[in-house]
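Written below as structure tokens is the structure these notes are about.
The values are calculated or read from the model by the stated rules, or taken from the named source; none is laboratory data. Fair warning: this is a prediction, and the values are worked out from it, not measured in the lab. When we count neighbours, we look across all protein chains shown, and the Cβ atoms used for this are built from the backbone with ideal geometry, even at glycine.
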Amino acid sequence: MVDRARALSSSSLSPEVVPLQETPFLSRWDSALGHIVGITLLVCGIGMLLSALVELLYGGGRSGLLLACGVLVTLLGGVLWRLTETPQSLRRSTVYLTVAFCWFTCSIVGTLPYLLTGVLDNFFDALFESVSGFTTTGATLFSTELFVSMTDSTDGSTLEPGLMFWRSITQWFGGIGVVVLAVSVLPFLGVGGLDLLEAEAPGPSSERLVPRLRDTARYLLWVYLSVTVMLVVLYLAGSMSVYDAIVHAFTTVSTGGFSPHLESMAYFDSPYIVWVCSFGMFLAGGSFALYARAFSGSVPPLLRSAEFRAYVVFVLGATLSIVCLILINSDETLGGGLLREALFTVLAFATTTGYGLVDFLTWPEGPQAILMFLLPVGAMAGSTAGGVKIIRVMSVVKYARREVWRQLHPAVVQVVKIGKDPIPESVMRKIVGFVIFFVLLWFLGTLLVAATGADFDTALSTAGSSIGNVGPGVADNVAGGDFTSVPWLGRLVLIALMLLGRLEIFPLLLALRALADRSDLGAFLRRGKGIARSTSSARSR
């Protein structure tokens with residue numbers, strides 16, 4: 001006590017502002033892992049509590065179970081967050097490990113509502129459903145029979161409102177990223193925060209909208225919330241129930257595609273709702289950073305974006321090609337909503353949302369081939385969509401064209417540009433590496449799924465759908481996103497592909513590489529930090 005009094009008297013701090021960490025029993029442990037995982041658990045717990053409230057309001061019988069799950073996970077997350085803090089400096093490997101652990105944590109915790117309600121009685125099936133939700137893939141193990149058993153035969157409404165709400169909110173969380181949500185809501189991650197945003201934010205790179213990281217993240221979240229609310233209002237205007245409007249707004253803006261109805265969007269039998277959903281998918285496939293600038297009054301960057309223009313051309317070109325091929329190869333006419341159905345289906349694949357409206361397997365082979373091509377491409381960088389992203393495709397095409405030109409004119413120096421912006425060689429190498437990894441993992445996943453007993457068409461389609469975070473496949477038995485035909489070992493492969501696709505491959509691969517490095521792992525487990533970057537560099541982030 002004497003030593004403590006002397007320390008206080010010699011310090012400029014008053015006794016009332018003694019740092020918390022000086023009290024042994026209330027000290028906060030330096031751990032990026034514990035802090036971010038704690039916030040992740042808090043977010044998941046709040047989602048479960050909301051699901052319990054929905055279950056109670058709509059007369060479901062499982063509100064107590066969902067409430068218990070929510071309270072337990074929220075308390076655990078709150079305690080973990082309160083007892084830890086982010087270190088003053090972080091290794092990049094620590095950042096990637098933290099992001100990976102966050103996704104593993106929320107995926108495992110996300111199984112609780114499925115298991116405790118008894119809807120899915122196998123842990124690996126529940127894990128598949130949870131990962132599919134948080135990665136916004138939309139593939140499901142809810143078979144037709146299970147959907148029918150959970151549906152009221154009189155009005156088609158769901159008998160599991162809380163659980164279906166949980167499915168949709170996992171996609172909503174996954175759309176913008178649990179880690180980005182954490183950075184936005186709790187401003188305690190100033191150091192290493194940009195690395196977390198780069199590792200988790202959708203797209204090949206993050207972009208500061210304002211100088212401070214947490215303000216950038218909050219800005220993106222504000223745009224995300226605004227689009228969600230707008231879609232809720234538009235769906236309500238189309239005579240959707242409040243429950244359906246909220247659930248479908250969640251899964252539209254996140255490009256997840258889960259629906260509480262077996263028929264997906266075809267359930268509503270409303271051209272207006274189809275157009276609203278198409279508009280929502282198109283918005284969700286665009287860059288939220290560009291939307292944030294547009295909402296703040298700076299519209300020209302959106303209109304000048306070469307990727308945005310390519311995105312519009314990409315969607316319209318695929319739609320018109322499908323319409324023309326159907327008209328040429330079948331008895332269909334432009335009447336009857338063919339254009340509407342084609343545009344909706346193209347957007348469902350191009351933005352990796354995966355909603356269903358028509359049975360596209362009844363279309364000629366040409367349109368199905370176009371949909372297969374859309375499967376891995378995705379939409380814009382900075383969107384909630386999965387896939388390679390249009391800007392990467394544009395970059396690789398221009399890079400390949402440059403290399404051909406170099407063979408003819410070795411002395412010519414030519415820079416790859418997207419619009420008027422040159423792409424640095426270091427970025428170009430990352431883009432080419434990403435595309436190579438994406439293709440290799442797709443075909444490796446195809447071989448592994450086929451080795452578990454699935455036929456080749458199913459293996460190719462489900463592997464591409466999983467790493468692209470699309471949901472539905474093009475093969476006959478997975479066209480609706482129902483993956484129950486895939487053997488359970490194949491589903492484990494697809495779980496890995498979904499996580500790789502959602503984290504854009506490199507963060508997860510780097511996390512695994514760091515786990516293999518004893519020095520990285522030891523530093524990560526001891527204090528959540530390793531050999532520090534310079535203090536000035538850390539503070540600048």
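Quick rundown of the values:
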{"item": "Identity of the residue in the range 452-461, in a helix (DSSP H, G or I) and in contact (Cβ under 8 Å) with a residue 12 or more places away in the chain, that ends up surrounded by the fewest Cβ atoms within 10 Å (Cβ to Cβ)", "result": "Asp457"}
{"item": "Condition met for Val99 (surrounded by fewer than 21 Cβ atoms within 10 Å (Cβ to Cβ) and either part of a helix (DSSP H, G or I) or of a type in the set (D, E, K, R) (or both))", "result": "no"}
{"item": "First in the range 380-396 and in contact (Cβ under 8 Å) with a residue 12 or more places away in the chain, second anywhere and assigned to a loop (DSSP other than H, G, I, E, B) and of a type in the set (Lys, Arg), Cβ under 6 Å, 6 or more apart", "result": "Ala381/Lys389"}
{"item": "Condition check for Val223: modelled with pLDDT of 50 or more, among the hydrophobic types (A, V, I, L, M, F, W, C) and assigned to a helix (DSSP H, G or I)", "result": "yes"}
{"item": "So Ala411, is it farther than 24 Å from Val393 by Cα, of a type in the set (Gly, Ala, Ser), without any contact (Cβ under 8 Å) to a residue 60 or more places away in the chain and exposed (fewer than 12 other Cβ atoms within 10 Å of the Cβ)", "result": "yes"}
{"item": "Any hit, the range 470-491, residues being modelled with pLDDT of 90 or more, within 21 Å of the chain's Cα centre (by Cα) and over 12 Å from Thr140 (Cα atoms)", "result": "no"}
{"item": "Residue that is of a type in the set (A, V, I, L, M, F, W, C), closer than 24 Å to Ala139 by Cα and not assigned by TED's automatic domain parsing to the domain that holds Thr252, where the choices are Ala369, Ala379, Ala342, Ala350", "result": "Ala379"}
{"item": "Subset of the range 252-283 (residues that are under 15 Å from the mean Cα position of the chain (by Cα), among the hydroxyl-bearing types (Ser, Thr, Tyr) and at pLDDT 95 or above)", "result": "Thr252"}
{"item": "Single residue of the range 260-307 satisfying the filter (without any contact (Cβ under 8 Å) to a residue 40 or more places away in the chain and among the β-branched types (Val, Ile, Thr)) that is farthest from Ser51 (Cα to Cα)", "result": "Val299"}
{"item": "Pick from the range 308-340, criterion of a type outside the set (Ser, Thr, Tyr) and touching a residue at least 60 places away in the same chain (Cβ under 8 Å), ranking: farthest from Gly468 (Cα to Cα)", "result": "Gly337"}
{"item": "Residue check for Leu57: at pLDDT below 85, among the aliphatic types (A, V, I, L, M) and over 29 Å from Ile495 (Cβ atoms)", "result": "no"}
{"item": "Identity of the residue in the range 114-128, under 14 Å from Arg491 (Cβ atoms) and touching a Lys or Arg at 6+ places or on another chain (Cβ under 7 Å), that ends up surrounded by the most Cβ atoms within 10 Å (Cβ to Cβ)", "result": "Phe128"}
{"item": "Residue within the range 367-384 that is modelled with pLDDT under 90, farther than 27 Å from Val439 by Cβ and hydroxyl-bearing (Ser, Thr, Tyr) present", "result": "no"}
{"item": "Criterion: of a type outside the set (A, V, I, L, M, F, W, C), touching a helix residue (DSSP H, G or I) at 6+ places or on another chain (Cβ under 7 Å), touching a residue at least 12 places away in the same chain (Cβ under 8 Å) and closer than 28 Å to Pro376 by Cβ - qualifying residue of Ser107, Ser143", "result": "Ser107"}
{"item": "Given (1) outside any helix (DSSP H, G or I); (2) surrounded by 17 or more Cβ atoms within 10 Å (Cβ to Cβ), number of the condition Ser132 does not satisfy", "result": "(1)"}
{"item": "Criterion: more than 20 Å from the chain's Cα centre (by Cα), modelled with pLDDT of 90 or more and among the acidic types (Asp, Glu) - qualifying residue of Glu332, Glu341", "result": "Glu341"}
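A quick yes/no check of all residues on (1) modelled with pLDDT of 50 or more; (2) outside any helix (DSSP H, G or I):
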{"site": "Leu494", "(1), (2)": "yes, no"}
{"site": "Gly501", "(1), (2)": "yes, no"}
{"site": "Ala511", "(1), (2)": "yes, no"}
{"site": "Ala514", "(1), (2)": "yes, no"}
{"site": "Ser519", "(1), (2)": "yes, no"}
{"site": "Leu525", "(1), (2)": "yes, no"}
{"site": "Lys529", "(1), (2)": "no, yes"}
{"site": "Ser537", "(1), (2)": "no, no"}
